[in-house]
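To start, the structure itself, in structure tokens.
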Amino acid sequence: MKEILVIVGGGRRNGNTARLVNAFVQGAESAGHHTETISLLDTEVRGCTGCNACRHGHACVQKDGFHELIPKIRKADLLVFASPLYYWTISARLKAFIERFYCLAEEDPAPPMGRYEKYPEKDCALLMTSADNLFWTFEQAVSYYRFTLVNYIGFHDKGMVLAGGCGSSKGMPQIEKTAHLQKAFEFGKTIY
């Protein structure tokens, strides 16, 4: 059994992304894993200010919900990053959450691949939704995920579900009209 923490970076509370997350969670739990879902609509996490207080032995100066999430992040085997596509990338809420991993880093005298520090060793996955479904729709978001979370922080990529073609951003969620929910369920069920 694995500990899975899903971070939802915005969107509508019962929109396409929330439904994709629910399908993933149902799959993971059906395989015996423990999941917890955190919505950044409910837990405020502000972006890193670059003050470097954490590099001088102090706690992060931001007084927000990230501090409560640190023990959950440390406990998790898998971090799942979930977001609707906003301006061709992840939401600002999710990016702010990722920026705050800076305060989790430790000094590394021999950092691999150009990193300056080492981060907790975790697996990661990406869940995204979009109204568009063009061949390049998720290109920038996937590039950010791979470069930042996998290549720089050093998390181990377990895969992604990129759910394009989920209907207009003006209307009701239409993800049920696609095969994405079943794909997310199977992804959660077989991720380990």
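Residues checked against (1) in a strand (DSSP E or B); (2) exposed (fewer than 14 other Cβ atoms within 10 Å of the Cβ); (3) β-branched (Val, Ile, Thr); (4) in contact with a strand residue (DSSP E or B) (Cβ under 9 Å, 6 or more places away or on another chain):
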| position | (1), (2), (3), (4) |
| --- | --- |
| MET1 | no, yes, no, yes |
| GLY10 | no, no, no, yes |
| VAL21 | no, no, yes, yes |
| VAL25 | no, no, yes, yes |
| ALA28 | no, no, no, yes |
| GLY50 | no, yes, no, no |
| VAL61 | no, yes, yes, no |
| ARG74 | no, yes, no, no |
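Take THR37 and decide whether it is under 19 Å from LYS177 (Cα atoms), out of contact with any His (no Cβ under 9 Å at 6 or more places or on another chain) and hydroxyl-bearing (Ser, Thr, Tyr). No; evaluated as a whole, the condition is false for this residue. Of all residues in the range 145-156, none that is over 16 Å from GLY9 (Cβ atoms) and at pLDDT 95 or above has its Cβ atom under 9 Å from the Cβ atom of a residue that is of a type in the set (Asp, Glu) and in a helix (DSSP H, G or I), 6 or more apart or on another chain.
Could you tell me how many of the residues in the range 163-175 are out of contact with any Lys or Arg (no Cβ under 7 Å at 6 or more places or on another chain) and buried (at least 19 other Cβ atoms within 10 Å of the Cβ)?
So the first thing to find is which residues in the range 163-175 are out of contact with any Lys or Arg (no Cβ under 7 Å at 6 or more places or on another chain), and the list is 163-172, 174.
In the following step, the residues that additionally are buried (at least 19 other Cβ atoms within 10 Å of the Cβ) were identified as 163, 166.
Going through the range 163-175 one residue at a time, the tally reaches 2.
Pairing residues of the range 56-78 that are more than 16 Å from ILE7 (Cβ to Cβ) and in contact (Cβ under 8 Å) with a residue 24 or more places away in the chain with residues that are exposed (fewer than 15 other Cβ atoms within 10 Å of the Cβ) and not aromatic (Phe, Trp, Tyr), at Cβ distances under 8 Å and at least 6 apart in sequence or on separate chains, gives ALA59/ALA53; ALA59/HIS67; CYS60/ALA53; CYS60/HIS67; GLN62/THR49. Against the numbered list (1) out of contact with any Asp or Glu (no Cβ under 6 Å at 6 or more places or on another chain); (2) closer than 18 Å to VAL80 by Cβ, THR137 comes up short only at (2).
The values are calculated or read from the model by the stated rules, or taken from the named source; none is laboratory data. Model, not experiment: these values are computed from the prediction. All Cβ positions, even for glycine, are placed from backbone atoms using ideal geometry, and neighbour counts span all protein chains on display.
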